[in-house]
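**Q** Before anything else, here's the structure in question.
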Amino acid sequence: MSSPILRVTNPAGGLVLGSRASFGLNYIGQATPISLTQPTGNAALFTGRRAGSSVYRITSVNRPVPFYKLMMGHTIRVNSVDNVGGNTWDINVFCGNTGSVDSDGFETQAYTTIYCFAVPTGHSGVGLRINDDAGNLRWSVTDTSGRLLFLKGSFSLAGTAGELDGDFSIPSLAVPALLGTPSSRRQNSLPAGSLFDNRQLRFGFQQLSGTVVRQSNYFQRKWRDDGDVTNINSPAPLDVMVIDASGL
């Protein structure tokens, strides 16, 4: 950052708040659950069976940044964040109960909690307001503009094979919530008589304890065909942000 008007650092020297080109994210609320879809289709047919998902909705002028609450025994990921018109955003989430799977191995879907942050659009009350050089609001620190996003921790995936279904450490928090969706994927086939059962797997994060999460696989799609698929084990790098959502 060059010639900042304001810079706030933590005791370790890390930048916490800065002005001019940077911006802050304020808490805008929990996204509202609007639909829950369980796995659909027949895994023994060419059309196959697909994983379920849930959809949450929130209103925001700026694109929302969603953190998802971890739940023991559930594999969770954000599939997409889509503007569905005006200031309305839908957030598609996979939240599978690993203790409740059907005969094809698909996890029963459940709701989690989605905490959303966004770049501020208005400022009121007593506090701190920072505009950029063009006069646009970039930081709003007041008791009415929503809690600022402050991270409690992070961890990184390097994109190595050993990280598929591997474990990672997080801080011990009252209500841990994550920002970050694995793009790792896996694909394979098994013989089924004269046919093949083909499987596509994706990855989310599953909380194993108060301080351990796993990049955990789940079935995205299964179908039966007269040909097998190319085996794929494709780990991908990812930086994951961790917050304590207690009180949000």
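The values are calculated or read from the model by the stated rules, or taken from the named source; none is laboratory data. As the structure is a computational prediction, the values presented were derived from the model and not from experiment. Here the Cβ is made from the backbone with ideal geometry for all residues, glycine too, and neighbour counts use every protein chain on show. When the accessible area is computed, the model is the full protein with side chains, heavy atoms only, and any ligands, DNA or RNA have been set aside. Shrake-Rupley method; radii C 1.70, N 1.55, O 1.52, S 1.80 Å.
**Q** Name the one entry in Val119, Val101 that is without any contact (Cβ under 8 Å) to a residue 12 or more places away in the chain, surrounded by fewer than 22 Cβ atoms within 10 Å (Cβ to Cβ) and not basic (Lys, Arg).
**A** Val101
**Q** For the range 209-248, give me the residue count where each residue is part of a strand (DSSP E or B) and surrounded by 15 or more Cβ atoms within 10 Å (Cβ to Cβ).
**A** The number of residues fulfilling the criteria is 19.
**Q** Can you find a residue that is open to solvent by 30 Å² or more (accessible area, probe 1.4 Å), assigned to a strand (DSSP E or B) and at pLDDT below 95 anywhere in the range 165-178?
**A** So far as the range 165-178 goes, no, none of its residues is open to solvent by 30 Å² or more (accessible area, probe 1.4 Å), assigned to a strand (DSSP E or B) and at pLDDT below 95.
**Q** Can you confirm whether Pro182 is on the phi < 0 side of the Ramachandran plot and in a loop (DSSP other than H, G, I, E, B)?
**A** Answer is yes for this residue.
**Q** Going by the structure shown, is Phe155 touching a Ser or Thr at 6+ places or on another chain (Cβ under 7 Å), crowded, with 16+ Cβ neighbours inside 10 Å and in contact (Cβ under 8 Å) with a residue 24 or more places away in the chain?
**A** Yes.
**Q** OK, next. Collect the residues in the range 132-146 that are surrounded by 15 or more Cβ atoms within 10 Å (Cβ to Cβ) and modelled with pLDDT of 75 or more, keeping them in residue-number order.
**A** Asp132, Leu137, Arg138, Trp139, Ser140, Val141, Thr142, Gly146
**Q** Take the conditions without any contact (Cβ under 8 Å) to a residue 40 or more places away in the chain and over 25 Å from Arg221 (Cβ atoms) and apply them to Ser124. Does it pass?
**A** It is true that Ser124 is without any contact (Cβ under 8 Å) to a residue 40 or more places away in the chain and over 25 Å from Arg221 (Cβ atoms).
**Q** With the requirement that a residue be of a type outside the set (Val, Ile, Thr), part of a strand (DSSP E or B) and under 17 Å from the mean Cα position of the chain (by Cα), what does the range 37-65 give you?
**A** Of everything in the range 37-65, those that are of a type outside the set (Val, Ile, Thr), part of a strand (DSSP E or B) and under 17 Å from the mean Cα position of the chain (by Cα) turn out to be Ser53, Ser54, Tyr56, Arg57.
**Q** Looking at the range 72-92, which of the residues that are out of contact with any Pro (no Cβ under 9 Å at 6 or more places or on another chain) and in contact (Cβ under 8 Å) with a residue 40 or more places away in the chain is most open to solvent (accessible area, probe 1.4 Å)?
**A** It comes out as Met72.
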